Ligand code: FAD
């Protein structure tokens with residue numbers, strides 16, 4: 001039988017294995033993961049796991065099972081798991097993957113190595129990242145110490161970490177280079193509204209400044225050095241300043257990467273090399289819907305993308321529609337449930353539903369009356385309906401859509 005080898009055992013790699021078996025793939029499936037842990041879900045790492053809630057209960061101790069481990073019986077599925085083993089290169093001419101424990105042959109190779117957090121410039125001791133279970137386990141006692149923390153970046157991860165740290169009772173200062181939170185993803189008129197969330201949670205938000213390094217000393221074990229020359233004492237400095245596709249190991253393999261270092265996949269998630277595919281955070285793909293290439297670092301993309309590859313391998317190209325999802329993402333921050341669907345760009349017109357200073361509101365982005373994207377705070381129904389409307393490229397009546405009492409699907 002044919003051999004599928006999957007490099008990376010996160011959400012996208014695991015889903016690829018599961019989807020292949022659900023579609024009765026007759027050959028072998030081998031899942032290779034660099035981390036020693038059984039494959040686990042990442043979103044709880046910046047939420048329950050940090051504060052020792054449900055997500056972390058089984059994380060310590062035996063070291064074999066975690067509450068956040070995926071509920072997948074790999075043995076029963078006939079999936080061979082190779083954990084604690086890292087892919088180091090690909091030789092497509094030989095159809096072999098090189099690993100730190102020797103080469104592995106394949107007929108089809110699925111790249112699913114995810115993303116790596118951008119380290120803090122001049123980091124060193126006292127500087128933390130938050131991407132893996134080990135990272136979260138290191139941060140849990142830091143939160144429990146209830147000492148001052150500095151968070152670098154007011155993006156999704158920074159906001160969620162700051163939320164957990166405030167819940168744990170730590171004084172928190174968030175340092176953000178831009179003028180407001182989530183500056184990379186939301187326009188100022190929307191993102192500016194999020195400042196208040198930090199204040200209400202008792203977190204200090206310093207914008208227009210960066211952290212240039214971490215040094216020992218002061219009234220705390222460390223000090224974060226700021227670009228304005230000041231220093232903030234901190235028990236730890238936690239950086240949430242972005243993530244890059246984990247594709248450095250593909251250098252020289254012939255697998256084409258885009259300008260961001262993501263595997264340059266086509267509309268069915270095939271790489272530039274025959275027999276090699278890419279899913280999840282490590283791959284970008286062309287979106288006909290949005291007229292541009294998308295690099296999505298969200299859980300839903302790692303769930304849905306693998307269906308395309310599994311379909312391609314089991315049913316063939318004719319039976320596999322192009323991969324062109326409406327991206328979807330959620331975040332839990334400062335007691336709010338924040339969801340985003342679609343993709344907005346320059347020139348898309350924002351339309352408010354509800355009072356952004358209130359507990360629940362949404363913003364829709366329209367282009368020529370067509371719904372393109374939607375951000376919802378505490379309005380999950382808007383997102384559920386909005387996703388379908390975006391998929392259909394539905395035209396909304398702005399007057400009705402701006403009335404939060406009118407269901408979006410009736411607008
Ligand atoms: P990953 O989950 O990164 O998995 C890739 C795996 O490959 C890793 O286990 C890695 O160790 C392994 N690997 C890397 N290189 C190699 C190699 N060379 N050889 C072998 N294995 C390798 N998304 C949301 O939509 N909502 C959220 O609330 C949310 N919260 C998040 C919170 C945190 C703290 C983080 C880090 C992410 C969060 N995300 C969230 C994003 C979501 O978790 C990712 O989009 C998703 O995990 C992507 O899955 P993936 O399998 O592509 O990559």
Original post:
Where the centre of each part is set by its Cα atoms, how far does the stretch 24-40 sit from the stretch 248-267, in angstrom?
Top reply: 22
Subject >> All-pairs Cα distance distribution in the stretch 127-239, expressed in whole percent, bin size 5 Å >> reply: 2, 13, 24, 25, 20, 12, 4, 1
**OP:** Based on the mean of other Cβ atoms within 10 Å per residue, sort peptides 348-361, 222-235, 173-186 so the most packed one is first.
**Re:** 173-186, 222-235, 348-361
Original post:
In whole Å, how far is the Cα centre of the stretch 157-225 from that of the stretch 382-406?
Top reply: 33
Subject >> Area projected by the alpha carbon convex hull of the stretch 194-236, averaged over all directions, nm² >> reply: 3.4
**OP:** Could you list 290, 106 in order of exposure, starting from the residue whose Cβ has the fewest other Cβ atoms within 10 Å?
**Re:** 290, 106
Original post:
How large, in Å, is the chain by the Kirkwood hydrodynamic radius built from its alpha-carbon pairs?
Top reply: 22.5
Original post:
If the chain between residue 3 and residue 410 were fully stretched, how many nm would it gain, using 0.36 nm times the residue separation less the Cα-Cα distance?
Top reply: 141.6 nm
Subject >> Within a Gaussian network of the chain (alpha carbon springs, distance under 10 Å), most fluctuating of 126, 218, 192 >> reply: 218
Subject >> Taking the stretch 335-410 and dividing mean pair separation by its residue count, relative contact order in percent (alpha carbons under 8 Å, at least six apart) >> reply: 31
**OP:** Between residue 94 and residue 212, take the C-beta separation as r, use R0 = 30 Å, and let me know the FRET efficiency to the nearest 0.05.
**Re:** 0.10
Original post:
R0 = 35 Å: FRET efficiency of residue 315 with residue 346, Cβ-based, nearest 0.05?
Top reply: 0.40
**OP:** Report, for the chain, the % of DSSP beta bridges that are antiparallel, rounded to 5.
**Re:** 60
Original post:
Can you tell which of 52, 124, 153 shows the greatest fluctuation in a Gaussian network model of the chain with Cα springs below 10 Å?
Top reply: 124
Original post:
By counting other Cβ atoms within 10 Å of each Cβ, how are 282, 170 ranked from fewest to most?
Top reply: 170, 282
Original post:
In percent, what relative contact order does the stretch 245-329 have, based on Cα pairs under 8 Å that are 6 or more apart in sequence?
Top reply: 24
Original post:
Calculated from DSSP H runs of 4 or more alone, at -39500 (n - 2.57) each and per residue, what is the 222 nm mean residue ellipticity of the chain, nearest 500?
Top reply: -6000 deg cm²/dmol
**OP:** With a Förster radius of 51 Å, plug the Cβ-Cβ distance of residue 324 and residue 204 into 1/(1 + (r/R0)^6) and report the FRET value to the nearest 0.05.
**Re:** 0.75
Original post:
Label residue 28 and residue 75 with points 7 Å out from Cα along Cα→Cβ: what is the distance between them in nm?
Top reply: 1.9
Subject >> For the stretch 335-410, projected area of the alpha-carbon convex hull averaged over all directions, nm² >> reply: 4.6
Original post:
By how many nm would the segment from residue 260 to residue 227 lengthen if fully extended, with 0.36 nm per residue of separation less the alpha-carbon distance?
Top reply: 9.3 nm
Original post:
Restricting to the stretch 127-239, what percent of DSSP beta bridges are antiparallel, rounded to 5?
Top reply: 40
Original post:
Which of 208, 155, 291 moves most in a GNM of the chain, Cα contacts under 10 Å?
Top reply: 291
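Values quoted throughout were computed directly from the atomic coordinates according to the rules given, and no laboratory measurement underlies them. Fair warning: this is a prediction, and the values are worked out from it, not measured in the lab. Counting neighbours? That spans all protein chains shown, and the Cβs are built from the backbone with ideal geometry, glycine included.
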